[in-house]
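Encoded as structure tokens, the structure appears first; notes follow it.
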Amino acid sequence: MEHITLLLGIVIVTALVFDFTNGFHDTANAMATTISTGALKPKTAVAMSAVLNLVGAFLSVEVAKTISGGLINEEGIRTEVIFAALVGAILWNLLTWLVGLPSSSSHALFGGLIGAAVMSAGWSSVNGSTVITKVLLPAIAAPVVAGLAAMLATRLTYRISKGAGEKATSKGYRAGQITSAGLVSLAHGTNDAQKTMGIITLALVTGGVLSPGSNPPLWVIVSAGIAIALGTYLGGWRIIRTMGKGLTDLAPPQGFAAQTSAATVILASSHLGFSLSTTQSCSGAVMGSGLGRKGGVVRWSTATRMFIAWGLTLPAAGLVGAGAEFLTQQGTWGIVLTGALLIAGSGIIWTLSRRQPVTVDNVNDDHEPAGVVTTAIAAVTPPPSAPVAPAASTVNDDLKTTIPGPDAEPARPATV
């Protein structure tokens, strides 16, 4: 019993560490567009997002119920499985943060949980229908719906403000961006903090502390909210730069449209208990707003790398979670080794990140070269309406260059 209690405490701490990485990994979802357009200063933006993430954690527990009692079968699942799942999720979060890719922390958690559960108890431990309806389908629909909504909202915004001066609308868009960024932060706390609540509740069930189907206790809600708020305040500057500058160049009307669309999608899904990826929703909205502005382009080279990361998240985190669970099955030494590998891997990734640090001072620097498609679109310009006559001096110079003078030496035939 003592060993189980100690292990349960380790799992809870590890879950809060994942929640912390989720916070700084996903800060970009709410604040990247606000920072890139200059609506808020970077430090002010992340502080505001942290507070609203904390508030959002108290608004609902529907997503937590999906994770703690719907994704996998609680019966027969050992506490070690939860620990292994968190190892896979944390390492994938840190790796994608290192390369600046806005992948899904939610899917990293789901992948690690599924992989560890399958390694422990087989495929029967996973509720396939829940995975499809509340994880996979929302993963496909969320970026598409958010992107289309943002594209239409961007076009509508520009149409409404057509003819108005930039100075007349800048204050309004700035206020709108701050408000919509606050909504995204609130939605992120409501959706993502609950995932950690759900995983801790699941650990408490497997440890015999709670009965199956229980709601998260108040202390779980508070601790999860604080952990994600602290991570958000730290600021995931690498991913903020990718979201704000790497996907497309955003103007304030586009930022407002993207954030409003993403917040609507996330809040609606949280109410329905769909544990979608806030990262995918916000990324889709940013791309949609880029396409919604006349002449706007999306840097598809960055988007392609992001799509690949999305597709790899579930299986990659699942494989790491399964490997970690294989180690924990070996006994105490396997659990200790798994924890040591998690600490070592995290330390290596942090050390690598210091080689080219991204901070609050350079977060708005352009770093992504234009891809082939973007360059081609930008190069297409309408031809001049009429040929421009060359200046007289230019004509005379050309004639002097072409027609040799009387003292010029005649050209000699070339010899081979």
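Structure values in brief
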| read-out | value |
| --- | --- |
| Only listed residue being modelled with pLDDT of 85 or more, open to solvent by less than 30 Å² (accessible area, probe 1.4 Å), not in a loop (DSSP other than H, G, I, E, B) and not β-branched (Val, Ile, Thr), chosen from GLY284, GLY323 | GLY284 |
| Of all residues making up segment 82-110, the number that are touching a helix residue (DSSP H, G or I) at 6+ places or on another chain (Cβ under 7 Å), open to solvent by 10 Å² or more (accessible area, probe 1.4 Å) and in a loop (DSSP other than H, G, I, E, B) | 1 |
| Filter pass, ALA28 being buried (at least 24 other Cβ atoms within 10 Å of the Cβ), under 15 Å from TRP237 (Cα atoms) and at pLDDT below 75 | yes |
| Residue in segment 183-194 that is open to solvent by less than 10 Å² (accessible area, probe 1.4 Å), touching a strand residue (DSSP E or B) at 6+ places or on another chain (Cβ under 9 Å) and touching a residue at least 60 places away in the same chain (Cβ under 8 Å) present | no |
| Matching option when the condition is of a type in the set (Ser, Thr, Tyr), under 19 Å from ILE12 (Cα atoms), open to solvent by 70 Å² or more (accessible area, probe 1.4 Å) and modelled with pLDDT of 85 or more, among THR338, THR328, THR332 | THR332 |
| Members of segment 55-74 that are at pLDDT 80 or above and either surrounded by 24 or more Cβ atoms within 10 Å (Cβ to Cβ) or touching a Lys or Arg at 6+ places or on another chain (Cβ under 8 Å) (or both) | GLY56, ALA57 |
| Residue tally, condition open to solvent by 60 Å² or more (accessible area, probe 1.4 Å) and not charged (D, E, K, R), over segment 209-249 | 11 |
| Selection status of SER261, at pLDDT 85 or above and surrounded by 24 or more Cβ atoms within 10 Å (Cβ to Cβ) | yes |
| Scope segment 230-250; condition polar (S, T, N, Q) and either in contact with a helix residue (DSSP H, G or I) (Cβ under 6 Å, 6 or more places away or on another chain) or free of Cβ contacts under 8 Å to residues at least 24 places away in the same chain (or both); matching residues | THR232, THR248 |
| Any hit, segment 289-299, residues being crowded, with 24+ Cβ neighbours inside 10 Å, at pLDDT below 80 and in a helix (DSSP H, G or I) | no |
| Test result for PRO253, open to solvent by less than 30 Å² (accessible area, probe 1.4 Å) and in contact with a helix residue (DSSP H, G or I) (Cβ under 9 Å, 6 or more places away or on another chain) | yes |
| Some residue of segment 207-224 being closer than 23 Å to GLN280 by Cβ, among the hydrophobic types (A, V, I, L, M, F, W, C) and part of a helix (DSSP H, G or I) | yes |
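Matching residues to (1) under 18 Å from LEU59 (Cα atoms); (2) not hydroxyl-bearing (Ser, Thr, Tyr):
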position: ALA150; (1), (2): no, yes
position: SER161; (1), (2): no, no
position: VAL184; (1), (2): yes, yes
position: ASN191; (1), (2): yes, yes
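The values are calculated or read from the model by the stated rules, or taken from the named source; none is laboratory data. Given the structure is predicted, the values throughout are model-derived calculations rather than measurements. Positions of Cβ are generated from backbone atoms using ideal geometry, with glycine treated the same way; all protein chains shown enter the neighbour counts. Ligands, DNA and RNA are stripped out before the accessible areas are found, and what is left, the full protein with its side chains, is counted by its heavy atoms. Shrake-Rupley method; radii C 1.70, N 1.55, O 1.52, S 1.80 Å.
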